[in-house]
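Structure first, commentary second.
The values are calculated or read from the model by the stated rules, or taken from the named source; none is laboratory data. As the structure is a computational prediction, the values presented were derived from the model and not from experiment. With ideal geometry, Cβ positions are generated from the backbone for all residues, glycine too; neighbour counts draw on all protein chains shown.
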Amino acid sequence: MERPRRLRTSPAMRALVSETRIHPRDLVLPLFVKEGATEPIAIASMPGVVQHSEESLATAVREAAELGLGGVMLFGVPATRDAVGSGAVDPEGILNRAIRIAKDAAAGRTVVMADVCLDEFTDHGHCGVLDAAGEVDNDATNALYRTMAVAQAQAGVDVVAPSGMMDGQVAEIREALDEAGFTGVAILAYSAKYASAFFGPFREAVDSQLKGDRRTYQMDPANAREGLREADLDLLEGADMIMVKPAMSYLDVLRQVADRSSVPVAAYQVSGEYAMIEAAAANGWIDREAAIMESLIGIKRAGADVILTYFAAEVASKVAQQK
Ligand code: PBG
């Protein structure tokens, strides 16, 4: 009889034959920075995650570097908003300030990435600017993404991460960066980003003003083939890395994207995925640490080279302790 159980007899045997491991360098920690905050502010729907002050951001990035995390992904929460998201392109805007602080704290030890999207900065909460009919204007939005990406590059960002799902955004941003002399700044494209209920807690995290939904630009959860098309287009447009988001409900898309991608593939375990684990664990319904590791192993097994997760720092310190 075949006896596969022989390889499961002890912790050492199981460790020897483990096909999938999480390394701190695989993980990217998303960080929120709130303009004017003097101390970290709790986010009720994401227990353990905060809106950082500039000071606490520096500490968090230093910790991330010391833990050996692959990177940090920065999101700005501005104090004021307008129709065109002016704070996003202002060199003194909160996200550009955060980039300078993070770069300084990282000191080359971990990669500093930033979100290129207008939703945190607009008073209507959409990822782009609106036309006269109130629809998100693709090409006018790309023009702003170009300026936003260059402003981030001037602040010192290593990787820009366009997440607005505008057509052509990667090519536009690449051209703008190159024209401004930032040929070394990489693009992590949110390629297959779905209009997901699992972004819910993120709205609280960035004080989002959105009413309505993002279904004219983010993808329909029903469509896997379309996700592959989006990934192919971003590769053609010059993306250095591509992403599938959210992770857990789209592991099939992640696997197919990973199988055809010529560049590293990231997956984002989003705010709602985090919140579900925390909420169930708080009720005593699941083993928190086991559920965290199983969720991340599943994402890596499905093909992710890089995982964005709010658990990054905790998991990195835990795997560092493992013998
Ligand atoms: C857009 C952006 C969002 C997230 C990352 N970038 C929100 C959205 O598209 O609605 C969601 C991340 C999460 O839920 O953890 N700036």
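Figures for the structure shown
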| read-out | value |
| --- | --- |
| Matching entry among Glu39, Glu92, Glu55 (being away from the ligand (no atom under 16 Å from the Cβ), of a type outside the set (A, V, I, L, M), closer than 21 Å to Ala312 by Cβ and without any contact (Cβ under 8 Å) to a residue 60 or more places away in the chain) | Glu55 |
| Selection status of Ala15, assigned to a helix (DSSP H, G or I) and either among the aromatic types (Phe, Trp, Tyr) or within 21 Å of Glu289 (Cβ to Cβ) (or both) | yes |
| Only one of Ala180, Ala197, Ala192 that is within 16 Å of the ligand (Cβ to nearest atom), surrounded by fewer than 22 Cβ atoms within 10 Å (Cβ to Cβ) and either at pLDDT 95 or above or closer than 15 Å to Asp220 by Cα (or both) | Ala197 |
| Candidate set from region 69-88 (those that are more than 16 Å from the ligand (Cβ to nearest atom) and in contact with a Leu (Cβ under 9 Å, 6 or more places away or on another chain)); member that is farthest from Phe32 (Cα to Cα) | Ala83 |
| Given (1) away from the ligand (no atom under 12 Å from the Cβ); (2) surrounded by fewer than 18 Cβ atoms within 10 Å (Cβ to Cβ), index of the condition Asp213 fails | (1) |
| One residue from Glu204, Glu175 being within 19 Å of Thr309 (Cβ to Cβ), surrounded by fewer than 23 Cβ atoms within 10 Å (Cβ to Cβ) and of a type in the set (Asp, Glu) | Glu204 |
| Failed item, numbered, when Ser262 is tested on (1) more than 25 Å from Val112 (Cβ to Cβ); (2) surrounded by fewer than 21 Cβ atoms within 10 Å (Cβ to Cβ) | (1) |
| Region 239-264, subset under 14 Å from the mean Cα position of the chain (by Cα) and part of a loop (DSSP other than H, G, I, E, B), residue nearest to the ligand (Cβ to nearest atom) | Pro246 |
| Odd one out for Asp158, checked against (1) buried (at least 16 other Cβ atoms within 10 Å of the Cβ); (2) within 16 Å of the ligand (Cβ to nearest atom); (3) touching a residue at least 40 places away in the same chain (Cβ under 8 Å); (4) under 28 Å from Ala304 (Cα atoms) | (2) |
| Qualifying residue in region 16-32 (condition: hydroxyl-bearing (Ser, Thr, Tyr) and over 27 Å from Met276 (Cβ atoms)) | no |
| Whichever residue in region 278-313 is free of Cβ contacts under 8 Å to residues at least 24 places away in the same chain and in contact with a helix residue (DSSP H, G or I) (Cβ under 8 Å, 6 or more places away or on another chain) and, among such residues, is nearest to the ligand (Cβ to nearest atom) | Ile292 |
| Hey, Glu273 away from the ligand (no atom under 14 Å from the Cβ), in contact with a strand residue (DSSP E or B) (Cβ under 9 Å, 6 or more places away or on another chain) and not in a loop (DSSP other than H, G, I, E, B) or not | no |
| Within region 33-48, considering residues that are aliphatic (A, V, I, L, M) and assigned to a strand (DSSP E or B), the one surrounded by the most Cβ atoms within 10 Å (Cβ to Cβ) | Val33 |
| Cross-chain or 6+ apart pairs with Cβ under 8 Å, region 9-21 first and over 22 Å from Val315 (Cβ atoms), then surrounded by 10 or more Cβ atoms within 10 Å (Cβ to Cβ) and modelled with pLDDT of 95 or more | Met13/Leu7 |
| Selected residue (criterion: nearest to Ala279 (Cα to Cα)) from residues of region 49-79 that are in a loop (DSSP other than H, G, I, E, B) and out of contact with any Asp or Glu (no Cβ under 8 Å at 6 or more places or on another chain) | Val49 |
| Residues that are of a type in the set (D, E, K, R) and within 16 Å of the ligand (Cβ to nearest atom), drawn from region 117-150 | Asp119, Glu120, Asp123 |
| Set Met243, Met293, Met248: member being closer than 21 Å to His23 by Cα, aliphatic (A, V, I, L, M), surrounded by 22 or more Cβ atoms within 10 Å (Cβ to Cβ) and out of contact with any Pro (no Cβ under 9 Å at 6 or more places or on another chain) | Met243 |
